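Each reported figure results from applying straightforward, stated rules to the coordinates on display, with no laboratory input. Not measured: the values here are computed from a predicted model. Using ideal geometry, Cβ is built from the backbone for each residue, glycine included, and neighbour counts are taken over all protein chains shown.
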Amino acid sequence: MMDQAQSLRQLVSGNTPRRSPGDGPTARIITVCSGKGGVGKSNFTLNFALALKAMGKNVLLFDADIGMANIDVLMGVSPKLNLYHLLKREAEIGQIIESGPGNLPFIAGGSGMEELFSLSEGDLEYFTSQVTQIADKMDYILFDTGAGLSKETMKFIASADDCLVVTTPEPTAITDAYALMKVVHNTHPETVFKLIVNQAGDEREARLTSDKIRMAASRFLELDIPFLGFISSDSHVVQAVKKQIPFSVAFPNSAAAKDIQRLALSYLSAKPVETEKPQGIRGFISKWLKRNQ
């Protein structure tokens, strides 16, 4: 753990090379959401982040599930510090970044998430400058948001570059996923959605599930939502959760692990929306937090 912690300190201090794509500090901000709980959103986020990192991308995972943060539990890591300590200026950004499997850097949310929405202008600038130290060296920053559509989750989704919506073939999950996208789109029509089907029996079931949502979105919202891919229903996922090890690490040859690799490749190969460029962390924070003031 000391070696991993040291590598993260080097990342913040500038001894790690800046991210490769593009010409400037414009990490792509991704929020992961779901219409309801129990669809495996956090598990997807964690393993998706690990897959991107395994493909050579610099990735930071941010647990932004207010009140129900559990990314650390899925990894079997017990953070000593979290976002709260940064906001209270009891620790700097390099000290609150934990290292998970595959040396994946992540920030635990904890009680600090609620503090974010009542920052003074000075504290907001301090928070932004601290996060920028690491964000400028990242290709992707993933925010695992809460299930459903709270006021806070809406702000995360509307402020990000991409929103990955996780659903399952369950009828209630399908309905809630569509409802989430409908509400967000009606308020923030510029939001970019991509759809993931989790716990699919096979590819046919995944595509049927995706088609139901995509056809409704096309007909009633005039919105084309790309189907990014699916993760198979796989008993190895449950076993990995019990072991508190990401399934792509514990069972790298499992169907779910192979699916998550395909998903990551699909995301990386997808053509970005031409009308926008990644805004970087400062743009994201400005839209996300200053909207509250």
Original post:
Which value in Å is the Kirkwood Rh of the stretch 30-292 over different Cα pairs?
Top reply: 18.5
Original post:
When 165, 192, 131 are ordered from fewest to most other Cβ atoms inside 10 Å of their Cβ, what list results?
Top reply: 192, 131, 165
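Determine the alpha carbon to alpha carbon distance for each of 151/212; 36/287; 212/243; 137/182; 41/88; 41/137 and list only those over 32 Å.
212/243; 137/182
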